[in-house]
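A quick write-up on the structure given underneath.
The values are calculated or read from the model by the stated rules, or taken from the named source; none is laboratory data. Because the structure is a prediction, the values reported are computed rather than measured. Here Cβ is always computed from backbone atoms with ideal geometry, including for glycine, and neighbour counts include all displayed protein chains.
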Amino acid sequence: MFNIAIDGPSGAGKSTVARKVAQSLGFVYVDTGAMYRAIGVHVMRCGLPTDDEQAVLSVLFDAKIELTYVNGEQRVLLNGEDVSVDIRLPEASMAASNVSAIPKVREYLFDLQKNMAAAKDCIMDGRDIGTVVLPEAQVKIFLTASAEERAKRRYIELQQRGTPVDYDELLAEIRQRDYNDSHRTTAPLKKAEDAVEIDSTNYSIDEIVAMILKIAEERR
Ligand code: DC
């Protein structure tokens, strides 16, 4: 199978880029952040704090996570229920960041991710795909952008969706998540040694997609 790993901090444009690359190559796009988000939603629905390891572990194995594809769009199922909308709510972001710091949660999702990549040509995005999940991926990309740029993009996106928020709050939350994601002990956000780093602040989405397609073409 041909696997493309794409890692980087939240808001760098990974999912938009990955979706377009997948479309262009006829690959499956696997959004691993959605899996952590679904676990976060599950824990919240159980009425438990997502930053309490014991509490999370007490309900982790009751959460059956599946990714399905409807007209090429990824849908996330939690115990059979489509939670694709719920996992994008603001509280699900911090919940996902919290549960993702727990090694057993990562182990639980690791097999699922590995199996998906073994079964199909795919582009998988996350934080530890090139380093831990698919260290043998043929292409590895590390996509970054400044925290300010990422907060600005998210601000515009939320405004367009009709749910405006305070820019400074967004920036503070992005910084907090960056810190959590890169300082946890298990599989922190880190560039794989053999990954190609692209700073998305300086390029359009289509330019980045073209760069990745070129690298994939060379290695196929
Ligand atoms: O990419 P995202 O914002 O949907 O990810 C949600 C959270 O899940 C984020 O705080 C980091 C975590 N995550 C992770 O630890 N490892 C991954 N492979 C993907 C996401």
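Among the candidates Ala137, Ala118, the residue that is farther than 26 Å from Glu169 by Cβ, more than 17 Å from the chain's Cα centre (by Cα) and of a type in the set (A, V, I, L, M, F, W, C) is uniquely Ala118. Of all the listed residues (Pro9, Pro49), the sole one being assigned to a loop (DSSP other than H, G, I, E, B), more than 15 Å from the ligand (Cβ to nearest atom) and in contact with a helix residue (DSSP H, G or I) (Cβ under 7 Å, 6 or more places away or on another chain) is Pro49. If you go through the stretch 106-113 one residue at a time, do you hit one that is over 15 Å from the mean Cα position of the chain (by Cα), of a type outside the set (S, T, N, Q), exposed (fewer than 15 other Cβ atoms within 10 Å of the Cβ) and under 29 Å from Met1 (Cβ atoms)? So far as the stretch 106-113 goes, yes, one or more of its residues are over 15 Å from the mean Cα position of the chain (by Cα), of a type outside the set (S, T, N, Q), exposed (fewer than 15 other Cβ atoms within 10 Å of the Cβ) and under 29 Å from Met1 (Cβ atoms).
Scanning the stretch 41-70 for residues that are of a type in the set (S, T, N, Q) and either touching a residue at least 40 places away in the same chain (Cβ under 8 Å) or surrounded by 14 or more Cβ atoms within 10 Å (Cβ to Cβ) (or both) yields a count of 1.
When Val59, Val76, Val99 are checked against the criterion of being within 12 Å of the ligand (Cβ to nearest atom), of a type outside the set (D, E, K, R), out of contact with any strand residue (DSSP E or B) (no Cβ under 7 Å at 6 or more places or on another chain) and at pLDDT 95 or above, Val99 stands alone in meeting it. The single condition from (1) out of contact with any strand residue (DSSP E or B) (no Cβ under 6 Å at 6 or more places or on another chain); (2) in a loop (DSSP other than H, G, I, E, B) that Ser84 fails is (1). Among the residues making up the stretch 140-184, those that are closer than 20 Å to Met94 by Cβ and of a type in the set (Val, Ile, Thr) are Thr163, Val165, Ile174. Restricting attention to the stretch 163-220, the residues that are within 12 Å of the ligand (Cβ to nearest atom) and either touching a helix residue (DSSP H, G or I) at 6+ places or on another chain (Cβ under 7 Å) or at positive phi (or both) add up to 10.
Please find, within the stretch 114-141, the residue that is nearest to Ser24 (Cα to Cα) out of those that are within 13 Å of the ligand (Cβ to nearest atom) and surrounded by fewer than 23 Cβ atoms within 10 Å (Cβ to Cβ). Residue satisfying both the conditions and the ranking: Met116.
Is it true that Val209 is more than 19 Å from Thr32 (Cβ to Cβ) and outside any helix (DSSP H, G or I)? Judged against the criteria, Val209 is not a match.
Listed residues Tyr69, Tyr155; which is closer than 29 Å to Glu218 by Cβ and more than 13 Å from the ligand (Cβ to nearest atom)? That would be Tyr69, the only listed residue that is closer than 29 Å to Glu218 by Cβ and more than 13 Å from the ligand (Cβ to nearest atom).
If you check Glu149 against the conditions, is it touching a residue at least 24 places away in the same chain (Cβ under 8 Å) and surrounded by fewer than 21 Cβ atoms within 10 Å (Cβ to Cβ)?
So Glu149 fits the description; yes.
The set of residues in the stretch 12-40 that are surrounded by fewer than 24 Cβ atoms within 10 Å (Cβ to Cβ), of a type in the set (A, V, I, L, M) and within 14 Å of the ligand (Cβ to nearest atom) contains only Ala34.
Scanning the stretch 152-183 for residues that are under 30 Å from Asp111 (Cβ atoms) and either surrounded by fewer than 18 Cβ atoms within 10 Å (Cβ to Cβ) or acidic (Asp, Glu) (or both) yields Gln176, Asp178, Tyr179, Asn180, Asp181, Ser182, His183.
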